1. Here are some conditions: (1) more than 27 Å from E188 (Cβ to Cβ); (2) at pLDDT 95 or above. S309 meets all but one. Which one does it not meet?
2. Working carefully through the options T63, T78, find the one that is crowded, with 20+ Cβ neighbours inside 10 Å, more than 19 Å from the chain's Cα centre (by Cα) and either within 22 Å of F163 (Cβ to Cβ) or away from ligand 1 (no atom under 16 Å from the Cβ) (or both).
3. Any idea how many residues of region 288-313 are more than 16 Å from ligand 1 (Cβ to nearest atom) and either touching a residue at least 40 places away in the same chain (Cβ under 8 Å) or over 14 Å from the mean Cα position of the chain (by Cα) (or both)?
4. Any residue in region 155-174 that is under 19 Å from P315 (Cβ atoms) sitting within a Cβ distance under 6 Å of a residue that is among the aromatic types (F, W, Y) and within 16 Å of ligand 2 (Cβ to nearest atom)? List the pairs, counting only those 6 or more apart or interchain.
5. Condition (residue is farther than 24 Å from L344 by Cα, out of contact with any Leu (no Cβ under 6 Å at 6 or more places or on another chain), touching a residue at least 12 places away in the same chain (Cβ under 8 Å) and of a type outside the set (V, I, T)) applied to region 188-195: is it met by at least one residue?
6. With away from ligand 1 (no atom under 13 Å from the Cβ), of a type in the set (A, V, I, L, M), touching a Leu at 6+ places or on another chain (Cβ under 9 Å) and modelled with pLDDT under 95 as the only criterion, which of V198, V181 stands out?
7. Could you say which residue among F139, F133 is touching a Phe, Trp or Tyr at 6+ places or on another chain (Cβ under 6 Å) and under 22 Å from E297 (Cα atoms)?
Amino acid sequence: KLSRNSYDDYTLNYTRQNDSDSFHLRENATILMLVRNSELEGALDSMRSLEDRFNNKYHYDWTFLNDVPFDQDFIEATTSMASGKTQYALIPPEDWNRPQWINDTLFEERLRVMEDEGVLYGGSKSYRNMCRFNSGFFFRQSILDNYDYYFRVEPNVKYYCDFPYDPFRVMRLKGKKYGFVISLYEYEETIPTLWDAVEEYLVASEETILRKEDSAYAFLTDSGLVGKHYPVVEANSDYNLCHFWSNFEIGDLNFFRSDEYKHFFETLDAKGGFYYERWGDAPVHSIGVSLLLRPDEIIHFDELGYFHSPFGTCPASYAVRLDQRCRCKSDDESVIDITPHSCLMRWWKNGSGKYFLKEEQDEI
Ligand code: GDP
Ligand code: MN
């Protein structure tokens, strides 16, 4: 904590004058956006959408993170758009920048190769910092210390439907630790050796992690699932490339802050793959979550319509879409839910349905 003092000076708090008296019970949670000053317009669009569809009834705090100080313009516009408190924090350089031990020559060489191969963000240095930060450091930011849950939001996303419940409340009451809306296949060329690193981690942590059959491990592998209803993936390993799309996630910060998750991240980080390759935070979160949590601790929010280019999700039920005033149709071009790009069918088969909690059945 002490070493962060100079950055704490930059931790700013604002509250918009609120004219609404409506009151809802609130969980100990914050909406969280990592964002650049240049993305203000997109940030405001996302805020407008989430406020209209959910937060205007709850007034959860908005927390903004950035690797450079936020502009006054950014602070004023986002504070005005929020129905809850807004707060802004500067990420310490040691949580963002490329570590010293990364070999610069090798790094530059790999960057050039991936750029030439046309890998998405293959030549970007800042994208790599962002992915490593989101994988291993967002939950260590001191501004989040007193929260239990976060809801990740990105600029330029849309929430298609009114939220039928407070997802934070669902998380706490049902004992969920990670929530997603879309899952799909990762580009293999961004993670050639990620699964090798995971296998090393599995061998080294055999004693301390969940047994494979108790965790959501089966969601990540093809064992017994390859068939005509499931696309065969040409992975050079057991990993089927499925991941939860992390631009939308609702998570339990205490899970990410746990020694188990941090040890998982640090084992992967030491391989250098965030820089020598282009490991994304989505596969890293998804693999960590699937190895360390039981399937019943992960929730697919299937009533929350959502869009992040180029994919969206839309409730399949016509009645739900009317009831929640959705502005999507399940056969829209961008809706990925039951298309071959989606891993949702694998999730249904091997994830949530596998371990339905007795108490949950009784409640329903
Ligand atoms: P994509 O969704 O994979 O195409 O990547 P994005 O460009 O949307 O980046 C993911 C998230 O990280 C978004 O919330 C961005 O605003 C944020 N982000 C990406 N790069 C940076 C950066 O260099 N600085 C900051 N502060 N945020 C970044
Ligand atoms: Mn994005």
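The values are calculated or read from the model by the stated rules, or taken from the named source; none is laboratory data. None of the values given here were measured: they were computed from a predicted structure. Cβ atoms come from the backbone with ideal geometry, glycine included; neighbour counts cover every protein chain shown.
1. Against the list (1) more than 27 Å from E188 (Cβ to Cβ); (2) at pLDDT 95 or above, S309 comes up short only on (1).
2. Step by step, each of T63, T78 is checked, and only T78 is crowded, with 20+ Cβ neighbours inside 10 Å, more than 19 Å from the chain's Cα centre (by Cα) and either within 22 Å of F163 (Cβ to Cβ) or away from ligand 1 (no atom under 16 Å from the Cβ) (or both).
3. So the count comes out to 17.
4. So the pair list comes out as K158/F307; Y159/Y306.
5. Checked against the condition, which is being farther than 24 Å from L344 by Cα, out of contact with any Leu (no Cβ under 6 Å at 6 or more places or on another chain), touching a residue at least 12 places away in the same chain (Cβ under 8 Å) and of a type outside the set (V, I, T), region 188-195 yields no hits at all.
6. On the way: V181 fails: modelled with pLDDT under 95.
Just one listed residue meets the conditions, V198.
7. Answer to the selection: F139.
One line per residue, one yes/no per condition, for (1) within 16 Å of ligand 2 (Cβ to nearest atom); (2) of a type outside the set (V, I, T); (3) under 27 Å from P283 (Cβ atoms); (4) touching a Pro at 6+ places or on another chain (Cβ under 8 Å):
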| position | (1), (2), (3), (4) |
| --- | --- |
| N28 | no, yes, no, no |
| I31 | yes, no, yes, no |
| N56 | no, yes, no, no |
| E76 | no, yes, no, no |
| V119 | no, no, yes, no |
| S126 | yes, yes, yes, no |
